[in-house]
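Asks: Before anything else, here's the structure in question.
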Amino acid sequence: MNEPHRRLRVGVGAGMADDRIGPALQLLEQCDLDYLVCECLAERTIARETLSRRHDGARGYNPMLEERMRAFLPLCRRKGVRLVSNMGAANPVGAAQAALAIGREQGWRDLQCAAVVGDDVIDRVRTHPELQLMDRGLPLEHILPRLASANAYLGADVVRDALATGAHVVMTGRVADPSLFLGVALHHHQWAYDDLPSVAAGTIMGHLLECSAQVTGGYFADPGKKDVPRLAELPYPYADLYPDGELFIGKPDGSGGRLDRMTCTEQALYEIHDPDAYITPDCVLSLDGLHFEALSPDRVAVRGIHARPRTDSYKVVVGYFDGWIGTGEVAYAGVNAVARAQLAAETVKERFRLDGGVAGEIQVDLIGVTSLHGSHPAALAGQPYEVRLRVAARCPDKKSAHLLGDHVRQLNMQGPYGAGGPVNLGAKEIIAVDAVLIPRNWVVPQVIMARA
């Protein structure tokens, strides 16, 4: 058990659902961690895992959970490291039970695992069709018949409470990304939840670490402009947070990647709509005055952060069924490749219409030419010698989605000459997401201990 009132060292075990395992093992082996935090949820992840749990009630958590636990638990046990993660997704109790079973299998007889529940508020929001969707500006009633999931972004207080049980492993569902890290700090340093300078320090720590290797050079490299040494050996970061809020971001000594003012600044601004008012469940963080000082190639000091009190609401991400997407791809090469690809696309759209296909939207991309910025004159000026055509349609039914892909695949013999590698990528059900705000007293988080 960690003693309070001393330095806290938190390492990152993951920054997305399918993140690499190796760099986390490097931290566990080399960096004398107190905690390892794995942040594994994106906006659509819980909706996806909710569907997984409907097909198999024992699932619904991160598909890599077992692989990660088998890799991490022996080192966590040997090094005295506690693990916190939102890998529980739509089934935190199932995730905690799975972790417990793996640990016991490995001989960790006194392993304790806790689950944080209460973020699933679908039953509550169903009774409030008047709630406003934040992105679409429509009442929730508009999507209510198609609602798949509704999960509140819980805060750091419930993570703190889960760690207070003595659990070696804590599995949560939808907890806000930085709150996973702040919860560790609240528990370790025994900070009050309304101690704003401390909450600010723990929140910016979480925000800098939540995307794993982004702060150590991932999603940063641009050859000749922003070079990242040994990108293939990109490490995960860790943070040292002291009782007075003093904060440092580090990476393993002599490791690859890059950690400096530039990487930290880019990550600080990541997914921030208003730098003076980054709203989390725990506080309203302000980056005004935030600055970084590189102390060595492997260590950066973080200074100048502050926060205002948290709001009286929780954000709830709602997932809903929004039809199907059908997609097909085919390549063309040689002289006039772009013109042949454009003719192929028009042919697919017309055949789709003639065969009764229904689509609310059809998108045509010439990958590498127009797929990001559209048919800009500059994109077509060079007339590429090869191009891959992608046609996608948003359809109300699975049959139409498959039909679109079939017509692309059939270009092999029924379209312009020189088609290469035509494929029907199939029909994929769409789970769209939006958000609503609900009063905090509608949410009742709980901690449940996993049982053998």
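The values are calculated or read from the model by the stated rules, or taken from the named source; none is laboratory data. Just so we're clear, the structure is a prediction, and the values are computed from it rather than from any experiment. Positions of Cβ are backbone-derived with ideal geometry, glycine not excepted, and every protein chain shown enters the neighbour counts. Accessible surface is based on the protein model in full, side chains and every heavy atom, while ligands, DNA and RNA are left aside. Shrake-Rupley method; radii C 1.70, N 1.55, O 1.52, S 1.80 Å.
Asks: Out of curiosity, is Glu43 open to solvent by less than 50 Å² (accessible area, probe 1.4 Å) and of a type in the set (Asp, Glu)?
Replies: no
Asks: Follow-up. Can you name the number of the only condition in (1) open to solvent by 10 Å² or more (accessible area, probe 1.4 Å); (2) in contact with a strand residue (DSSP E or B) (Cβ under 9 Å, 6 or more places away or on another chain); (3) more than 19 Å from Ala301 (Cβ to Cβ) that Thr265 fails?
Replies: Condition not satisfied by Thr265: (3).
Asks: Examine the range 168-182 for a residue that is out of contact with any helix residue (DSSP H, G or I) (no Cβ under 9 Å at 6 or more places or on another chain) and open to solvent by 30 Å² or more (accessible area, probe 1.4 Å), and state whether such a residue exists.
Replies: Checking the range 168-182: not a single residue is out of contact with any helix residue (DSSP H, G or I) (no Cβ under 9 Å at 6 or more places or on another chain) and open to solvent by 30 Å² or more (accessible area, probe 1.4 Å).
Asks: Would you call Thr216 of a type in the set (Ser, Thr, Tyr) and surrounded by fewer than 23 Cβ atoms within 10 Å (Cβ to Cβ)?
Replies: Answer is no for this residue.
Asks: What number of residues in the range 46-66 are within 18 Å of the chain's Cα centre (by Cα) and either over 11 Å from Met16 (Cα atoms) or crowded, with 24+ Cβ neighbours inside 10 Å (or both)?
Replies: 12
Asks: In the range 385-452, which strands (runs of 3 or more DSSP E) lie fully inside it and hold 2 or more residues that are over 30 Å from Leu343 (Cβ atoms)?
Replies: Filter on the range 385-452 gives 420-439, 446-449.
Asks: Also, I was wondering about something else. Got a number for residues in the range 67-86 being of a type in the set (Gly, Ala, Ser) and open to solvent by less than 40 Å² (accessible area, probe 1.4 Å)?
Replies: Counting residues in the range 67-86 that are of a type in the set (Gly, Ala, Ser) and open to solvent by less than 40 Å² (accessible area, probe 1.4 Å) gives 2.
Asks: If the Cβ limit is 8 Å and pairs must be 6+ apart or interchain, which residue in the range 262-275 that is assigned by the TED database to the domain that holds Ile204 and over 14 Å from Val228 (Cβ atoms) pairs with which residue that is open to solvent by 70 Å² or more (accessible area, probe 1.4 Å) and among the hydrophobic types (A, V, I, L, M, F, W, C)?
Replies: Cβ pairs passing all conditions: Pro275/Leu269.
Asks: What strands (runs of 3 or more DSSP E), lying completely within the range 147-251, carry at least 1 residues that are at pLDDT below 95 and either under 21 Å from Tyr314 (Cα atoms) or small (Gly, Ala, Ser) (or both)?
Replies: By residue number, 147-152.
Asks: Would you confirm whether any residue within the range 290-307 is closer than 30 Å to Gly118 by Cα and under 26 Å from the mean Cα position of the chain (by Cα)?
Replies: Within the range 290-307 (the criterion being closer than 30 Å to Gly118 by Cα and under 26 Å from the mean Cα position of the chain (by Cα)), the answer is yes, since at least one residue qualifies.
Asks: Among the residues of the range 302-327, which ones are in contact with a His (Cβ under 9 Å, 6 or more places away or on another chain) and not β-branched (Val, Ile, Thr)?
Replies: Arg303, Gly304, Trp324, Gly326
Residues checked against (1) in contact with a Gly (Cβ under 7 Å, 6 or more places away or on another chain); (2) farther than 13 Å from Val447 by Cβ:
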residue	(1), (2)
Leu140	no, yes
Ile143	no, yes
Tyr153	no, yes
Ala156	yes, yes
Val159	yes, no
Ala164	no, no
Arg174	no, yes
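Asks: Looking at Glu329, is it more than 21 Å from Gly202 (Cβ to Cβ), in a strand (DSSP E or B), at pLDDT 95 or above and charged (D, E, K, R)?
Replies: Yes, satisfied.
Asks: With respect to Tyr242, determine if the residue is in the same structural domain as Ser85 (by the TED database) and closer than 17 Å to Arg7 by Cβ.
Replies: When the stated conditions are applied, Tyr242 passes them.
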